[in-house]
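These notes concern the structure reproduced below.
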Amino acid sequence: AQSVTQLGSHVSVSEGALVLLRCNYSSSVPPYLFWYVQYPNQGLQLLLKYTTGATLVKGINGFEAEFKKSETSFHLTKPSAHMSDAAEYFCAVHTGTASKLTFGTGTRLQVTL
Amino acid sequence: DTGVSQNPRHKITKRGQNVTFRCDPISEHNRLYWYRQTLGQGPEFLTYFQNEAQLEKSRLLSDRFSAERPKGSFSTLEIQRTEQGDSAMYLCASSSASSGARGNTIYFGEGSWLTVV
């Protein structure tokens, strides 16, 4: 069965600092991996996804993630945090042929001045 | 493309009452999903439809829960005899995917908050 683990339920960075949100996956088949962002009281918005091909994936709002098979990781990064990046971030993996998503428990990103 | 639409956005109900949520997916998306999200947790899969057929249900979906997608367009999720443990956000999502295709993006709605008092 496929699953994801997000290390760190809360991450706090200063504005302008590097953002690093960690995600490790477990999958018996080549994984398709996703990062979603959720702002307070809203649904989920896709940041980026990895299916096949290039292992460094660029997404919206300056975020990117690198698929590392050897480390079973798909960490999300952004070179310089903005106050508007404060939100909950979820890593997810496709499971089964229905393409349903299995989510991690999320990481809340706080950005301070 | 107006996105996935859900209503009502918020519902407060007394324990034991029935509630129904509606989801309008992105037009022409053949797959529709329902997820549940409780505070501090990631969304958990409940069920999904391909067109009007309900193809999978999670064990989380007790017999008090029923979902329909009668014409393969909008969907409803009904919870009967609500319990306090049903308090959560119910997320609807849709995608356009051929059978067996993985990697297609799943688009989420804004969610419907349920509070059972």
Pairwise FRET efficiency - A:Ala1 versus A:Ser70, Cβ, R0 = 30 Å, nearest 0.05: 0.90
Inter-chain shielding of A:72-79 (mean C-beta neighbours from other protein chains, 10 Å cut-off): 0
B:Lys14 versus B:Ser66: modelled label distance in nm, points set 7 Å from Cα along the beta carbon direction: 2.3
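Quick check of the Kirkwood formula: for segment A:1-46, what is the inverse mean of 1/r over all pairs of different Cα atoms, in Å?
13.0
Please tell me the relative contact order of chain A in percent, rounded to the nearest whole number, where contacts are Cα pairs under 8 Å and at least six residues apart.
37
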With 5 Å bins from 0: P(r) over chain A, alpha-carbon pairs, percent: 2, 13, 24, 26, 19, 10, 4, 1, 0
Vicinal HN-Hα couplings computed from phi for segment A:54-59 (Karplus, 6.51 cos²θ - 1.76 cosθ + 1.60; Hz; Gly/Pro x): 4, 7, 9, 10, 9, x
Nearby aspartates and glutamates by direct alpha-carbon distance to B:Lys11 (threshold 17 angstrom, same-chain neighbours under 8 apart not counted): B:Glu78, B:Glu83, B:Asp86, B:Glu110
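Return the percentage of antiparallel bridges among DSSP beta bridges fully within segment A:13-113, rounded to the nearest 5 %. It would help to have the intermediate numbers written out before the result.
On the way: 31 of 33 bridges.
Restricted to segment A:13-113, the bridges split so that about 95 percent are antiparallel.
Largest first and in whole Å, what are the equivalent-ellipsoid semi-axes of chain B based on the Cα gyration tensor, each being the root of 5 times an eigenvalue? Let's see the in-between values first.
Working: eigenvalues 110, 38, 35 Å².
For chain B, the ellipsoid semi-axes come out as 24, 14, 13 Å.
Peptide B:106-116: average number of partner chain Cβ atoms within 10 Å per residue? Present the calculation step by step, with values, prior to reporting the outcome.
Numbers: counts 10, 4, 8, 3, 4, 5, 1, 1, 0, 0, 0.
Mean shielding by partner chains, rounded to a whole number: 3.
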Relative packing of B:65-73, B:107-115, B:23-31, which averages over residues the other C-beta atoms within 10 Å, highest first: B:107-115, B:23-31, B:65-73
Shielding by partners - mean other protein chain Cβ count within 10 Å, residues of A:37-49: 4
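When the Cα atoms of the protein assembly as shown are enclosed in a convex hull and the volume is divided per residue, what value in Å³ results?
On the way: hull volume 28.2 nm³, N = 230.
Dividing the Cα hull volume of the protein assembly as shown by its residues yields 123 Å³.
Given the C-alpha atoms of segment A:27-72, compute the convex hull and give its volume per residue in Å³.
Values: hull volume 4.3 nm³, N = 46.
Given the Cα convex hull of segment A:27-72, per-residue volume reads 93 Å³.
Read-outs throughout are calculated quantities, based only on the coordinates presented, and are distinct from any laboratory measurement. All figures in this text were calculated on a predicted structure; none of them were measured in a lab. Positions of Cβ are backbone-derived with ideal geometry, glycine not excepted, and every protein chain shown enters the neighbour counts.
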